[in-house]
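Okay, so here's the structure we're looking at.
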Amino acid sequence: MSAYTKSPVGAGYGIGDWLLQRLTAVVMAGYTVAMGAALLACRPSGYADWKALFDGGIVRLGTLIFLVALLYHAWVGVRDIVMDYVKHAGIKLAAMTLVAIVLIAQLAWSAAILWGR
């Protein structure tokens, strides 16, 4: 075996993100099925019913996990599109920074809604 091994640049660097994006899809699908079943079981008809549903910690936590999965899923997708189609480095950096700021703000806003009073 050689003391010097050259690792190929760019080969397989995105497999982790690809796998995490598939995992987030599974998380989102599971939440959708669980929330659909919960809505069929309790059939909220007004604000008080919806508030009671989301007063449960498990529903709030599940919703937050769903939102984190959704936002990460969106980040990987948008990042890949920007990296593939935006050629100018400055515009690429600005676009990815703007997307990251918007996604983080959406997560903070969602958490404030879920746990705010």
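The values are calculated or read from the model by the stated rules, or taken from the named source; none is laboratory data. No experiment lies behind these values; they were computed from the predicted model shown. Cβ coordinates were reconstructed from backbone atoms using ideal geometry, including for glycine residues, and neighbour counts include every protein chain displayed.
Structure notes:
Residue by residue, here is whether (1) assigned to a helix (DSSP H, G or I); (2) in contact (Cβ under 8 Å) with a residue 24 or more places away in the chain holds:
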residue: G36; (1), (2): yes, no
residue: L40; (1), (2): yes, no
residue: S45; (1), (2): no, no
residue: K51; (1), (2): yes, no
residue: R60; (1), (2): yes, yes
residue: L64; (1), (2): yes, yes
residue: L67; (1), (2): yes, yes
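- Residue in the stretch 27-44 that is surrounded by 12 or more Cβ atoms within 10 Å (Cβ to Cβ) and β-branched (V, I, T) present: yes
- A search for C-beta distances below 8 Å between a residue of the stretch 73-91 that is farther than 19 Å from L19 by Cβ and without any contact (Cβ under 8 Å) to a residue 24 or more places away in the chain and any residue that is small (G, A, S) and part of a helix (DSSP H, G or I), counting only pairs 6+ apart in sequence or on different chains, returns V82/A95; V86/A95.
- Any hit, the stretch 84-94, residues being exposed (fewer than 13 other Cβ atoms within 10 Å of the Cβ) and outside any helix (DSSP H, G or I): yes
- Checking the stretch 72-85 against the condition returns no match, with no residue being within 21 Å of G116 (Cβ to Cβ) and out of contact with any His (no Cβ under 7 Å at 6 or more places or on another chain).
- For the stretch 11-34, taking the residues that are assigned to a helix (DSSP H, G or I) and among the aromatic types (F, W, Y), the one that is modelled with the highest pLDDT is identified as Y31.
- Residues located in the stretch 45-68, provided they are surrounded by fewer than 10 Cβ atoms within 10 Å (Cβ to Cβ) and among the charged types (D, E, K, R): D55
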